[in-house]
Amino acid sequence: MKYKELIAQMTLAEKASLMSGKDFWQTQNIDRLGIKSMFLADGPHGIRKQAAAADHLGLNASIPATCFPPAATISNSWSTELGETIGDYLGKEAVAQRVNVLLGPGVNMKRNPLCGRNFEYFSEDPYLAGKMAAGYINGIQSHGISACVKHFAVNNQEERRMSIDTIVDERTLREIYLTAFEIAVKEGKTKTVMSAYNMLNGTYTNESTHLMREILRDEWKFDGVVVTDWGGSNDRVAGLLAGNELEMPTTAGETNDEIIQAIQSGAIAEEVLDECVDRLLELMFTTEEVYKNSQQQEVDIEAHHRVAQRAAEESIVLLKNEENILPLKKGTKVAIIGDFAKQPRYQGAGSSIVNPTILDNTLDYFDQSGLVSVGYESGFERYGNKNTKKLDKACALAKEADVVLFYMGLDEVTEAEGLDRQSMKLPDNQLELLQALKKVNANIVAVLSCGSVVEMPWIYNVKGLVHGYLAGQAGGRAILRVITGDVNPSGKLSETYPLRYEDTPSYHQFPGKEVSVEYRESIYIGYRYYDTANIEVLFPFGYGLSYTTFKYSNIQLSKNEVTFELTNTGNVVGMEVAQLYVGCKSEAIFRASKELKGFTKILLNAGETKTVTIPFDDKTFRYFNVKTNKWEVEEAEYEIMIGSSSSDIKLADTISIEGTGAPLPYDKAQLPTYYSGKANHVTEAEFENLLGFKVPIAKWDRSKPLGYNDTIAQCQYAKGGFARFAYHLIVFVYRFLNKIGKRSTANIIMMSIYHMPFRGVARMTGGIMNMPMLDGILMMVNGQFFKGLKHVIKEKNKLSKINKENKTIAAATKEM
Ligand code: BGC
């Protein structure tokens, strides 16, 4: 232990006090030993440091900071350098705001397009997500502070995120859901990891010794700190045993006492706590270093805004360009239609929400574009209501223009933390308007703003489609520069666009049942599924157009790398993302027909040719063998493919690879659907063959009294009439708020009350309510109303007395 001597000077209470927050965002300080509080702040695409009222849902304002485009956007750049640059600027701003740990990036896989938080994550592919994350982390941590990769692991939906049990087989866990974390730990060298709210195969992630010790510490050699997601601790002692150093936010000392009791009773050894303290001290001291002699640093707001603009420009994806309608020539007469042109949709909602320093919108910068505006009409109601007047006005304007620029997308309430989307559709009122516009002007270029995949049955109505995703605070100008050709688009999709939601591999298993969600599709997520099962998609993974064209030639393979030539065959400078996919020719182990194993982004002048090399690495040929419980390589022929998207393979060759000689992991006859690749409809029996254990009962056991880990939603079948009434009241208020258009408030009720486990009531109230009081509430819920109420009052009085005594002691100590 590095801080053995310092730890020896601490009392047991002092050591335990470090294991949970002092308040919502800070860790405990111990002044007499020179231990300062650390400040942890969101988030992944900008700093959300709350100066006053604190919350984890993005409700209260934070200090202004640059709002860079979120991860879903930046991953379309396929540029790890850009990731590092953003990390660097995030780091600078974090230091200027005196933050020690920045709570990002988020690297969860996009298992299903409806996950409400997909905008915060990079990709459906673990290799791409991991490499992007490593870039961010390197950039952030170059300032001496810590990044915090989250949410470890299998947190792939928002519905019941604090209670859901994710059932997944070990190979899928390793290959799909953990690889991005592995890269973030090994290559990014993140100093902090945030555990996820959910359970993994029956155990809360922060209590899972398999996840936290065997994989994270022993295999990946992670020597940093694990922090719980806010309010995500269940059994504090079990968490500590699994190596979870820090619980956030504060529990007003309640869980520290649990640790003390466990040590005093001999249930756990004090060394377990000491080791956690040691690792936490390392994080505290190293991230404090930067603040030792430096004065408060100033942020150059304009310069950071420009970086946000460049980031958006490199990430915007051109999806359609019929008749080369784009780029628009200077002087083109344009009608600007759509609410999103005036009020950009530039980030998602929830804990990642940033209070931007500047916010560009299209209208303000239109004059600089060289295009001629014939006017602006909002055309539709942002939150979905029909408005014929607006539609008519927009159509009248469209008639006057050469080209219609139609700004469409999802509103900010639809893509939010804590809730999944209900469908993959855009609002009807926008589509009606689009159809009407098409009747008066055939030259429509749509600009799409949303952070996750939508269905596009309307695409035939537009000649051009520019997908800005959520383009950050400088997105308005960045999009215009792509439209006019000042910037040649080079973004490529980091997720597949299926034709319809029903085509997605997890369609039948999302968001699961009451207790659990079964990842029956196994390794077949995203393009791995569409490609192997031959399902037609709208836009494949890795797809994106440019204003120039590229030619791939002359592939050469060696043991360690693949080399080829790339030529810009068009008239303008451009960037191409070349992608390396690998497919195994043997059918002994079921696999996706191809997997991304490398990529590079190359800048080429018109007519220029460059030789490009993509090296192989430890992941190129590996698979996880459940029999040996290790990464192995199968001896076989492998196809090495270079593509400009996952379905546009330009060059291919084969290579023979020596294997590690491991026994084959599967009995093929037991897993026919997996071997066929058509894994969107796997039976429970076959899934159990893959898992090697029985799936848990997915429905609530309505005969049992409700306990700490049951959710408020389960009050619907509680014994206590009071609880059932409360449940109906919550549902009524939710529906009512929706009806009167207060969707945002309605959503908050859903995520912070309806789906909250009872333990969260104690964990998230900063000490106002403690576990003994919660016991009383549970008595009331379970039918013993008066007994429970008496218990609550008794415990409340006890707590008030203790708090008073503590205050007196604190005051006396101060005076001494
Ligand atoms: C989110 C985390 C976030 C934390 C603090 C949680 O609700 O899941 O991603 O960092 O709140 O705001």
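At a glance:
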read-out	value
Crossing angle, helix 270-288 versus the chain [Cα axis fit, 0-90 degrees, rounded to tens]	50
Per residue solvent-accessible surface (Å²) - the chain, probe of 1.4 Å	38
Between 0 and 90°, nearest 10: helix 80-96 axis offset from the chain longest Cα axis	40
Using distinct alpha-carbon pairs, which all enter the 1/r mean, Kirkwood radius of region 610-665 in Å	13.1
Equivalent ellipsoid dimensions for region 256-398 as semi-axes, Å, which come from the Cα gyration tensor, largest first	54, 23, 15
Anisotropy class of region 494-603 from Cα gyration tensor, a/c 1.5 cut	oblate
Whole-percent carbon and sulfur share, accessible surface of region 219-325, 1.4 Å	46
Shape parameters for region 307-495, alpha-carbon atoms, Rg then Dmax in Å	15.3, 45
Solvent-accessible area, 1.4 Å probe, carbon plus sulfur percent, for region 568-658	44
Relative contact order for the chain, counting Cα pairs under 8 Å that sit 6 or more residues apart, in percent	13
Accessible carbon and sulfur surface of region 673-801 relative to its total accessible area, %, 1.4 Å	63
In Å², nearest 10: area of Ile740 left accessible to a 1.4 Å probe	90
Radius of gyration and Dmax over the Cα atoms of region 381-483, both given in Å	13.9, 44
Degrees, to the nearest 10: 428-440 long Cα axis against longest axis of the chain	10
Rg and Dmax of region 579-682, Cα atoms only, in Å	16.3, 54
Cα Rg over Rh - region 684-732, Kirkwood	1.20
Total charge dipole magnitude, the chain, about the Cα centre, Cβ charges on Lys, Arg, Asp, Glu only, Debye to nearest 20	2340
For region 757-816, radius of gyration divided by Kirkwood radius, i.e. Rg to Rh on alpha-carbons	1.15
Hull-based mean projected area of the chain, where the convex hull spans the alpha carbons, in square nanometres	35.4
Low-density loop cleavage sites - trypsin sites (Lys or Arg not before Pro) in region 266-375, where at most 12 other Cβ are within 10 Å (DSSP)	Lys292, Lys329, Lys330
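The values are calculated or read from the model by the stated rules, or taken from the named source; none is laboratory data. From a predicted model like this one, the values you see are computed outputs, not experimental measurements. A quick note on method: Cβ atoms are made from the backbone with ideal geometry, for glycine too, and the neighbour counts reach across all protein chains shown. Heads up: the accessible areas ignore ligands, DNA and RNA and are worked out on the full protein's heavy atoms, side chains in. Shrake-Rupley method; radii C 1.70, N 1.55, O 1.52, S 1.80 Å.
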